[in-house]
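Trainee: Pasting a structure below so you can have a look.
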Amino acid sequence: MTVRVRIAPSPTGNLHIGTARTAVFNWLFARHTGGTFILRVEDTDLERSKPEYTENIQSGLQWLGLNWDEGPFFQTQRLDHYRQAIQQLLDRGLAYRCYCTSEELEQMREAQKANNQAPRYDNRHRNLSPEQEAAFLAEGRQAVIRFRIDDDRQIVWQDQIRGQMVWQGSDLGGDMVIARTPEKAEDGFGQPLYNLAVVVDDIDMAITHVIRGEDHIANTAKQILLYEALGGAVPTFAHTPLILNQEGKKLSKRDGVTSIDDFRAMGFLPQAIANYMCLLGWTPPDSTQEIFTLAEAAEQFSLERVNKAGAKFDWQKLDWINSQYLHSLPTAELVPLLIPQWQGAGYAIDLEKDGAWLASLAGLIAPSLTRLTDAVAESKLLFGDRLDLQEDGAKQLAVEGAKAVLEAAMAFSQSTPELTLDEAKGEINRLTKELGLKKGVVMKSLRAGLMGTVQGPDLLQSWLLLHQKGWATPRLTQAIAQG
């Protein structure tokens, strides 16, 4: 058997972290087994589905490295398949027309609530006579299509993550709606609904394994009945744990993140996000291994090692993983990722002239980066010819001998067109001896004069960068005037 799995997002919003994690697990399983990974867009919710969300979902999956083998397939282009399936169920007496009004359904729910009963459809139109149907049609009523569910039926499946699952037909809420009311009476029935469409798609696309979130478990029981009714092979199911916040509740907008776009804007790398999502519910055979590519994870992936318990989202762990990827990136790959950050902050950059300078700057701040967005703060002291003197910097410039350090450093800077690291180091040693100051005083004073604070990146590398751009002298001039 060739494994065939699918990710089937609904384009009613941007690619969500939960959907993306489900896509990761499907992709890993497909790659591990040599199977096929299919993208299917479930866009039958015509009111909420939007083309921009479809584009966002596809670009998000590609950004994460989750390329699909077949698709994308769109449910709105397959409506004839669903209508044929519905008609087949009607013809075989496995589905029927229900003419209940919304007011009648509401009265039914209120009565059940008053009697402390679980809400369910009471199947009242399951066995209408032709005369009763004619009477409803004469009233101008339109019917939904309901699929018959036997309350006495026991639905059993072996879940690849949760073991044996058993559902009773009586717990599924009564006969389920599989098609809405038609917009025109001559249409017979209206828009097919999720449970019907997904089963028809799975049968047509020969899906062998359905890997999705545990919030679909109740749907699975209903869908198994539809697979059987339509004569299709029932796939193997695996229901993954939900992603939880630190309070143990389902991750939501209130937790400050919902979509893959959010993570991208926060400065996370796609490799880091994909790596972390593997760990949200799955444990590698070597439980100490935390850094790996998708391809490496696929070699080891199995559904048996997916946890049943919810996976808590850990920002510190994600930040650490992201930092490991950032620190391992070659400078040539890091610079293009940082340029948009610098440009977004309004830093003056000449891409034609500043290539080597930006590479040096990236190399200087790289060890301090946790996210790409950190580049703005880490580089702030190294852009522009204006000195932003901070309180600690002003305090240092008031130390005895600080002004002499700055004046000597400025004279040296003006007389040295192309400063090297060895020359900068030699100048600091010379000032220490000639001015009779401690080396710490010289370095702190020079740092305050160049960057306005005694904190910051490596002093010598910073001095070189500022000198190369012609910003060292004007900054030292301002520091002397303010000190």
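The values are calculated or read from the model by the stated rules, or taken from the named source; none is laboratory data. Every value quoted in this text rests on a predicted model; they were computed, and no experiment measured them. Cβ placement follows ideal geometry from the backbone for every residue including glycine, while neighbour counts extend to all protein chains displayed. Heavy atoms of the whole protein, side chains included, go into the accessibility calculation; ligands, DNA and RNA do not. Shrake-Rupley method; radii C 1.70, N 1.55, O 1.52, S 1.80 Å.
Trainee: Any idea which of Ser59, Ser102, Ser49 is open to solvent by 60 Å² or more (accessible area, probe 1.4 Å) and of a type in the set (Gly, Ala, Ser)? Show your work before the answer.
Mentor: Values: Ser59 fails: open to solvent by 60 Å² or more (accessible area, probe 1.4 Å); Ser49 fails: open to solvent by 60 Å² or more (accessible area, probe 1.4 Å).
Just a single option satisfies the conditions, and that option is Ser102.
Trainee: Check off (1) in contact with a Phe, Trp or Tyr (Cβ under 8 Å, 6 or more places away or on another chain); (2) assigned to a strand (DSSP E or B) for Tyr96 and give me the number that stays unchecked.
Mentor: Of (1) in contact with a Phe, Trp or Tyr (Cβ under 8 Å, 6 or more places away or on another chain); (2) assigned to a strand (DSSP E or B), only one is false for Tyr96: (1).
Trainee: Continuing with this model, one more query. Hey, can you tell me all the residues within segment 176-189 that are open to solvent by 10 Å² or more (accessible area, probe 1.4 Å) and either assigned to a loop (DSSP other than H, G, I, E, B) or in contact (Cβ under 8 Å) with a residue 60 or more places away in the chain (or both)?
Mentor: Just the residues of segment 176-189 that are open to solvent by 10 Å² or more (accessible area, probe 1.4 Å), to begin with: 176-177, 180-189.
Within segment 176-189, Val177, Arg180, Thr181, Pro182, Glu183, Lys184, Gly188, Phe189 qualify.
Trainee: A further question follows. Which one is most open to solvent (accessible area, probe 1.4 Å) among residues in segment 152-175 that are over 30 Å from Arg124 (Cβ atoms) and in a loop (DSSP other than H, G, I, E, B)?
Mentor: Gln160
Trainee: Something else: Evaluate segment 272-279: report whether one residue or more is open to solvent by less than 20 Å² (accessible area, probe 1.4 Å), over 21 Å from His32 (Cβ atoms), part of a loop (DSSP other than H, G, I, E, B) and small (Gly, Ala, Ser). Before the answer, list the steps.
Mentor: Residues of segment 272-279 that are open to solvent by less than 20 Å² (accessible area, probe 1.4 Å), as a first pass: 272-278.
If we keep only those that are over 21 Å from His32 (Cβ atoms) too, we end up with 272.
From what's left, part of a loop (DSSP other than H, G, I, E, B): none.
No, there is no match, as no residue in segment 272-279 is open to solvent by less than 20 Å² (accessible area, probe 1.4 Å), over 21 Å from His32 (Cβ atoms), part of a loop (DSSP other than H, G, I, E, B) and small (Gly, Ala, Ser).
Trainee: Looking only at residues that are more than 25 Å from Trp282 (Cβ to Cβ) and of a type in the set (Ser, Thr, Tyr) in segment 29-58, which one is modelled with the lowest pLDDT?
Mentor: Filtering segment 29-58 for residues that are more than 25 Å from Trp282 (Cβ to Cβ) and of a type in the set (Ser, Thr, Tyr), the one modelled with the lowest pLDDT comes out as Thr44.
Trainee: Taking Asp286 as the residue in question, decide whether it is more than 26 Å from Ile339 (Cα to Cα), open to solvent by 40 Å² or more (accessible area, probe 1.4 Å) and modelled with pLDDT under 95. Before the answer, list the steps.
Mentor: Values: more than 26 Å from Ile339 (Cα to Cα): yes; open to solvent by 40 Å² or more (accessible area, probe 1.4 Å): yes; modelled with pLDDT under 95: yes.
Here the answer is yes, as Asp286 does meet what is asked.
Trainee: A further question follows. Can you tell me how many residues in segment 442-469 are open to solvent by 40 Å² or more (accessible area, probe 1.4 Å) and either more than 42 Å from the chain's Cα centre (by Cα) or among the aliphatic types (A, V, I, L, M) (or both)? Spell out how you get there, then give the answer.
Mentor: Here is the first cut: in segment 442-469, the residues open to solvent by 40 Å² or more (accessible area, probe 1.4 Å) are 443-444, 455-456, 458, 461, 468-469.
Subset that is either more than 42 Å from the chain's Cα centre (by Cα) or among the aliphatic types (A, V, I, L, M) (or both): 443-444.
Final tally of qualifying residues: 2.
Trainee: Within segment 352-361, is even one residue of a type in the set (Lys, Arg) and under 28 Å from Gln478 (Cα atoms)?
Mentor: First, the residues of segment 352-361 that are of a type in the set (Lys, Arg): 353.
Okay, now just the ones that are also under 28 Å from Gln478 (Cα atoms), so 353.
Yes; the residues of segment 352-361 include at least one that is of a type in the set (Lys, Arg) and under 28 Å from Gln478 (Cα atoms).
Trainee: Could you list, in sequence order, the residues of segment 229-257 that are open to solvent by less than 10 Å² (accessible area, probe 1.4 Å), under 16 Å from Ala20 (Cβ atoms) and touching a strand residue (DSSP E or B) at 6+ places or on another chain (Cβ under 9 Å)?
Mentor: Thr240, Pro241 - these are the residues of segment 229-257 that are open to solvent by less than 10 Å² (accessible area, probe 1.4 Å), under 16 Å from Ala20 (Cβ atoms) and touching a strand residue (DSSP E or B) at 6+ places or on another chain (Cβ under 9 Å).
Trainee: Only one of Glu407, Glu434, Glu400 is of a type in the set (Asp, Glu) and more than 18 Å from Gln482 (Cβ to Cβ). Can you tell me which? Talk me through it step by step, then tell me what you get.
Mentor: Details: Glu407 fails: more than 18 Å from Gln482 (Cβ to Cβ); Glu400 fails: more than 18 Å from Gln482 (Cβ to Cβ).
Being of a type in the set (Asp, Glu) and more than 18 Å from Gln482 (Cβ to Cβ) holds for just one of Glu407, Glu434, Glu400, which is Glu434.
Trainee: Given the condition modelled with pLDDT under 95 and either open to solvent by less than 10 Å² (accessible area, probe 1.4 Å) or under 22 Å from Gln164 (Cβ atoms) (or both), answer yes or no: does some residue in segment 218-228 qualify? So that I can check it myself, show each step before the final result.
Mentor: Just the residues of segment 218-228 that are modelled with pLDDT under 95, to begin with: 218.
From what's left, either open to solvent by less than 10 Å² (accessible area, probe 1.4 Å) or under 22 Å from Gln164 (Cβ atoms) (or both): 218.
For segment 218-228, residues modelled with pLDDT under 95 and either open to solvent by less than 10 Å² (accessible area, probe 1.4 Å) or under 22 Å from Gln164 (Cβ atoms) (or both): present.
Trainee: Which of the residues spanning segment 301-336 are farther than 19 Å from Gln246 by Cβ, open to solvent by 40 Å² or more (accessible area, probe 1.4 Å) and in contact (Cβ under 8 Å) with a residue 40 or more places away in the chain? First the steps, then the outcome.
Mentor: From segment 301-336, those farther than 19 Å from Gln246 by Cβ are 301-306, 308, 323-336; that's our starting set.
Those still in the list that are open to solvent by 40 Å² or more (accessible area, probe 1.4 Å) too: 304-305, 308, 324, 327-328, 330-333, 336.
Once the filter is applied, which keeps residues that are farther than 19 Å from Gln246 by Cβ, open to solvent by 40 Å² or more (accessible area, probe 1.4 Å) and in contact (Cβ under 8 Å) with a residue 40 or more places away in the chain, segment 301-336 yields Glu304, Lys308, Gln324, His327.
Trainee: Right, here's the next one. Where the second residue is open to solvent by less than 90 Å² (accessible area, probe 1.4 Å) and part of a helix (DSSP H, G or I) and the first is within 17 Å of Leu459 (Cα to Cα) and β-branched (Val, Ile, Thr) and lies in segment 410-433, which pairs have Cβ atoms under 6 Å and are six or more apart or on separate chains?
Mentor: Ile428/Val442; Thr432/Val442
Trainee: Residues in segment 107-125 that are touching a residue at least 40 places away in the same chain (Cβ under 8 Å) and open to solvent by less than 60 Å² (accessible area, probe 1.4 Å): how many?
Mentor: Looking only at that region, the number is 2.
Trainee: Let me ask something else about it. Can you find a residue in segment 294-310 that is modelled with pLDDT of 95 or more and under 25 Å from Ala375 (Cα atoms)?
Mentor: no
Trainee: Could you run through segment 386-419 and say how many residues are outside any loop (DSSP other than H, G, I, E, B), of a type in the set (D, E, K, R) and open to solvent by 80 Å² or more (accessible area, probe 1.4 Å)? Break it down into steps so the answer makes sense when it comes.
Mentor: Here is the first cut: in segment 386-419, the residues outside any loop (DSSP other than H, G, I, E, B) are 391-397, 402-414.
From what is left, the residues that are of a type in the set (D, E, K, R) are 391-392, 395, 403, 407.
Okay, now just the ones that are also open to solvent by 80 Å² or more (accessible area, probe 1.4 Å), so 391, 395, 403, 407.
Residues meeting the conditions: 4.
Trainee: Which helices (runs of 4 or more DSSP H) sit wholly inside segment 286-380 and have at least 3 residues that are within 27 Å of Gln455 (Cβ to Cβ) and hydrophobic (A, V, I, L, M, F, W, C)?
Mentor: On the way: elements: 294-300, 315-328, 331-344, 355-365, 374-379.
Where helices (runs of 4 or more DSSP H) fall fully within segment 286-380 and carry at least 3 residues being within 27 Å of Gln455 (Cβ to Cβ) and hydrophobic (A, V, I, L, M, F, W, C), they are 315-328, 331-344, 355-365, 374-379.
Trainee: Let me ask something else about it. Out of the residues in segment 197-217 that are over 28 Å from the mean Cα position of the chain (by Cα) and crowded, with 18+ Cβ neighbours inside 10 Å, state the one that is nearest to Gly140 (Cα to Cα).
Mentor: Here the answer is Val200.
Trainee: Additional query: Can you pull out the residues in segment 23-43 that are open to solvent by 20 Å² or more (accessible area, probe 1.4 Å) and among the polar types (S, T, N, Q)?
Mentor: Answer for segment 23-43, where residues must be open to solvent by 20 Å² or more (accessible area, probe 1.4 Å) and among the polar types (S, T, N, Q): Thr33, Thr36.
Trainee: Can you tell me which residue is surrounded by the most Cβ atoms within 10 Å (Cβ to Cβ) among those in segment 420-438 that are under 49 Å from the mean Cα position of the chain (by Cα) and in a helix (DSSP H, G or I)?
Mentor: Looking at the filtered set, the residue picked out is Ala424.
Trainee: Also, quick follow-up: Can you confirm whether Tyr53 is among the aromatic types (Phe, Trp, Tyr) and closer than 22 Å to Gly188 by Cβ? Walk me through how you get there before you give the answer.
Mentor: Values: among the aromatic types (Phe, Trp, Tyr): yes; closer than 22 Å to Gly188 by Cβ: no.
Here the answer is no, as Tyr53 does not meet what is asked.
Trainee: Also, I was wondering about something else. Just the residues that are closer than 15 Å to Arg305 by Cβ and without any contact (Cβ under 8 Å) to a residue 60 or more places away in the chain, please, taken from segment 267-293.
Mentor: Across segment 267-293, the qualifying residues are Leu279, Thr283, Pro284, Pro285, Asp286, Ser287, Thr288, Gln289, Glu290, Phe292.
Trainee: Are any residues in segment 136-151 assigned to a helix (DSSP H, G or I) and open to solvent by 50 Å² or more (accessible area, probe 1.4 Å), and if so, which ones? It would help to see each step written out before you state the result.
Mentor: Keep residues of segment 136-151 that are assigned to a helix (DSSP H, G or I), which gives 136-138.
Result: Leu137, Ala138.
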